[in-house]
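Trainee: Provided herewith is a single structure, encoded as structure tokens, for subsequent inquiry.
The numbers here are math on the coordinates, done by the rules we state, and not lab data. Note that the coordinates shown come from a computational prediction; the quantities given were computed from them, not determined experimentally. Every residue, glycine as well, gets a Cβ built from its backbone with ideal geometry; the counts of neighbours run over all protein chains shown.
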Amino acid sequence: MRAFVAALPPPEVVDHLDDFLSARREAAGFRWSAAEQWHLTLAFASDLPPRGLDVADELLCEAAARRPALGARVRGGGAFPHPDAARVLFAGLEVDDDDDVLERLAVACRSALSRAGARVDGQRFRPHLTLGRLGRPDNLTSWVRLLDAYEGPRWQLDEVALVHSHLGEGPRGRPRHEVVATYPLG
């Protein structure tokens, strides 16, 4: 099972960012991610075995319960690997307390999936919401500057979700995301 653990922004947060970007989308030369799939990935597993699902469920429940809820907002943005030759455009995420809390939550979620038998992506954690992808590197400096002016509404990040990603089953052959379970923080 291809799965990830994520914080899902509430609809009003997604709508606010979507409205900000809507007038500018047609000028982009890249593929936008569907707004309803915007999320903050805390842990990604390319292959969670079916027998590990119950273990992951239990461990994620424990990991979330040990972490406090956070005030959050989408703010700013950037590009991976860098704006001059980008392949991904993203919106940034800011938390009220400190980024270490979010980092520790991500580490705990990765550990839970790994202990459940999944192969976990070990890339450095950088809190963001992927907005668009490019087929080949391009300069997205103007998009990053635009996002630097963005500040979304605050919301309470008080739960994380285990999401099953069904490749190729969404609109236009994109992934379809299915929330398997949610875990309250605190």
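Trainee: Hey, can you rank 59-68, 119-128 by average C-beta count inside 10 Å, highest first? Walk me through the intermediate numbers first.
Mentor: Working: 59-68: 17.3, 119-128: 14.6.
Per-residue Cβ counts within 10 Å, averaged per peptide and sorted highest first, yield 59-68, 119-128.
Trainee: To continue, here is another question. Name the shape class, rounded, prolate or oblate, that the alpha-carbon gyration tensor gives for the range 30-117, where a ≥ b ≥ c are the square roots of its eigenvalues, rounded holds for a/c under 1.5, and otherwise prolate holds if a/b is larger than b/c and oblate otherwise.
Mentor: Details: a/c = 2.39, a/b = 1.44, b/c = 1.66.
Since a/c reaches 1.5 but b/c is at least a/b, the shape of the range 30-117 is classed as oblate.
Trainee: Also: Under 10 Å, Cα contacts only: if you run a Gaussian network model on the chain, which one of Ala56, Ala112, Ala85 comes out with the highest mean-square fluctuation?
Mentor: Ala85
Trainee: Apply the a/c threshold of 1.5 to the C-alpha gyration tensor of the range 90-131 and tell me whether it is rounded, prolate or oblate. Please list the in-between numbers first.
Mentor: Numbers: a/c = 3.19, a/b = 1.57, b/c = 2.02.
Oblate is the answer for the range 90-131, as a/c is 1.5 or above yet b/c matches or exceeds a/b.
Trainee: Please arrange Phe90, Phe4 by how many other C-beta atoms lie within 10 Å of their C-beta, fewest to most. Provide the component values of the computation, followed by the final result.
Mentor: On the way: Phe90 25, Phe4 22.
Sorted ascending by nearby Cβ count, the order is Phe4, Phe90.
Trainee: Given the -39500 (n - 2.57) contribution per DSSP H run of 4+ residues, what per-residue ellipticity at 222 nm results for the chain, rounded to the nearest 500 deg cm²/dmol?
Mentor: So the helix-based figure for the chain works out to -8500 deg cm²/dmol.
Trainee: Taking 8 Å as the Cα distance limit and 6 or more residues as the minimum spacing, I'd like the relative contact order of the range 3-184 as a percentage. If you can, show how the numbers build up before the last one.
Mentor: Numbers: 358 pairs, mean separation 59.6, N = 182.
Dividing the mean separation by the residue count of the range 3-184 yields 33 percent.
Trainee: Here's something else I'd like to know. Within the chain, which DSSP H helices have Cα atoms that stretch 27 Å or more along the helix axis and a mean Kyte-Doolittle hydropathy of at least 0.0? The partial results should precede the final answer.
Mentor: Numbers: long enough: none.
Span-like helices here: none at all.
Trainee: Run the numbers for Arg25 and Arg119: contour at 0.36 nm per residue of separation, minus the present Cα-Cα distance, in nm. Walk me through the intermediate numbers first.
Mentor: Values: separation 94, 0.36 × 94 = 33.84 nm, distance 3.50 nm.
Difference between extended and current length: 30.3 nm.
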